[in-house]
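Structure first, commentary second.
The values are calculated or read from the model by the stated rules, or taken from the named source; none is laboratory data. All values reported here derive from a predicted model rather than from experimental measurement. Cβ placement follows ideal geometry from the backbone for every residue including glycine, while neighbour counts extend to all protein chains displayed. For the accessible areas, the whole protein counts, side chains as well, though only heavy atoms, and no ligand, DNA or RNA atoms are used. Shrake-Rupley method; radii C 1.70, N 1.55, O 1.52, S 1.80 Å.
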Amino acid sequence: MTRVYNFSAGPSQLPLEVLQKVQKELLEYGTSGQSVMEMSHRSQDFTDIIEACEQQLRMLMGIPDNYKVLFLQGGASLQFTMIPMNLLTKYKKAAVIHTGQWTKKAIKELKKIGGCEIIASSEDATFSYIPEVTSLPQDVDYVYICENNTIYGTKYKEVISTRDVPLVSDMSSCILSEPVDVEKYGLIFAGAQKNMGIAGLTVVIIREDLIQENDALPSMLSYHVAAGNDSMFNTPPTFAIYMLKQVLQWIADTYGSLEEMKKENEKKAALLYDFLDHSAMFKGTVRAQDRSLMNVPFVTSSAETDKKFIAEAKAHGFINLKGHRSVGGMRASMYNAMPLEGVEKLVAFMREFEKENL
Ligand SMILES: Cc1ncc(COP(=O)(O)O)c(C=O)c1O
């Protein structure tokens, strides 16, 4: 078996130890006589899995008791709809900081449901930085941000203060990569297929007072219904929840805490950014203080060299380095499961490529 180094933005590389454990348990989970994929979601075995998964997540992220954890479906994208449907209760308007494709999509869905005030944007410089907010309206139901911009490679380094207005954050591409002060947020959500496991599961962490009953909402789009049924209003994505549990256990066993996880991610990112900062051929595209630890976009001076680099990298076992179709160039996504060795080898390969092609 030859495993590649997968720099995909998601779905992405999983820890080998997790895959091996899952393989071992695939035909029979514990002594249940069946695979997790075959289990009733109401069985005791699965109840134990989902409860342990939530507890592990609460422990690692330090989620306070007054927050509910919801295991939903529909991808992170369905949250672009569910959030306004559930949270636009008083002012029927939200404020958004516009930082790229993922806020653009969230804005589009928000506008179908209520008002949208864009309070800052980095569109003027191809979303290469996190814009400063100069004034925060208080007559909105929430402030919406995308914490880590997967496509453009920018990341908030501090939690913005929204005073009494709930802060809603799309953490799809940075959740579990570093500690989060959950209490500063009203709602956090993430698609699982990057740092949490596999596609099919979306995790929502929501402060209880933001969960309001509204009979006019379709049941499947209501946080109140999901929370009231412990994420079991319908059949949840059982295998994806089991995978999240395995990934959380791997973080706990390997790193012990998100503080330590962050240190490892900083080591990996520093290797690549240092190389980019000193290279005569490659350069990063993001303002230094806003650089993401997870997604690193970079370019050479020509589209032709970019193409050659991507092809040769692939032949050497470094796959999915092509930048998002909307921006071009390259992008290395280095989620938790990317080992340090993978980044060391990528940088060594880039150094060689530069020598041969400059
Ligand atoms: C930051 C961010 N938000 C939302 C999404 C959309 O996620 P999904 O495909 O699960 O709907 C992505 C996907 O890559 C993302 O990176």
query: Considering only DSSP beta bridges with both partners in the chain, what is the antiparallel share in %, to the nearest 5?
result: 55 percent
message: Expected output is a single nm value to one decimal: the length gained when fully extending between residue 212 and residue 224, i.e. 0.36 nm times separation in residues minus the C-alpha distance. What is it?
response: 3.7 nm
- line: Amide H contacts under 5 Å for residue 118, restricted to residues at least 5 apart in sequence or on another chain and with H modeled in the peptide plane, are 96
Radius of gyration and maximum dimension Dmax of the range 17-254, Cα, Å: 18.2, 59
message: With +1 on the Cβ of every Lys and Arg and -1 on the Cβ of every Asp and Glu, and nothing else charged, how large is the dipole of the chain about its Cα centre, in debye rounded to the nearest 20?
response: 1060 debye
- request: May I ask you to evaluate 6.51 cos²θ - 1.76 cosθ + 1.60, the Karplus curve with θ = phi - 60°, for each residue of the range 285-296 and list the ³J(HN,Hα) values in order in whole Hz, giving x for glycine and proline?
  value: 10, 10, 4, 3, 6, 10, 5, 7, 7, 9, 10, 10
query: Carbon and sulfur: what percent of the range 257-357's accessible surface (1.4 Å probe)?
result: 50 percent
field: Listed residues 134, 235, 285, most fluctuating in the chain (Gaussian network, C-alpha, under 10 Å)
entry: 134
- prompt: Hey, in the GNM for the chain with a 10 angstrom Cα cutoff, which one of 146, 53, 174 fluctuates hardest?
  reply: 53
task: Report, to the nearest whole %, how much of the accessible area of the range 54-114 belongs to carbon and sulfur atoms, 1.4 Å probe, protein only.
output: 52 percent
statement: Among 184/345; 24/262; 155/184; 105/157; 283/314, the pairs whose Cα-Cα distance exceeds 26 Å are 184/345; 24/262
query: When only Cα pairs under 8 Å and 6 or more residues apart are kept, what is the percent relative contact order across the range 17-254?
result: 25 percent
- request: With a probe of 1.4 Å, find how much accessible area the chain has per residue, and write the answer as a whole number in Å².
  value: 45 Å²
- line: Once normalised by the length of the range 257-357, the mean sequence separation of its alpha carbon contacts under 8 Å that are 6 or more apart gives a contact order in percent of 30 percent
message: Please check: in the Gaussian network model of the chain (C-alpha springs, under 10 Å), which one of 144, 91, 67 has the largest mean-square fluctuation.
response: 91
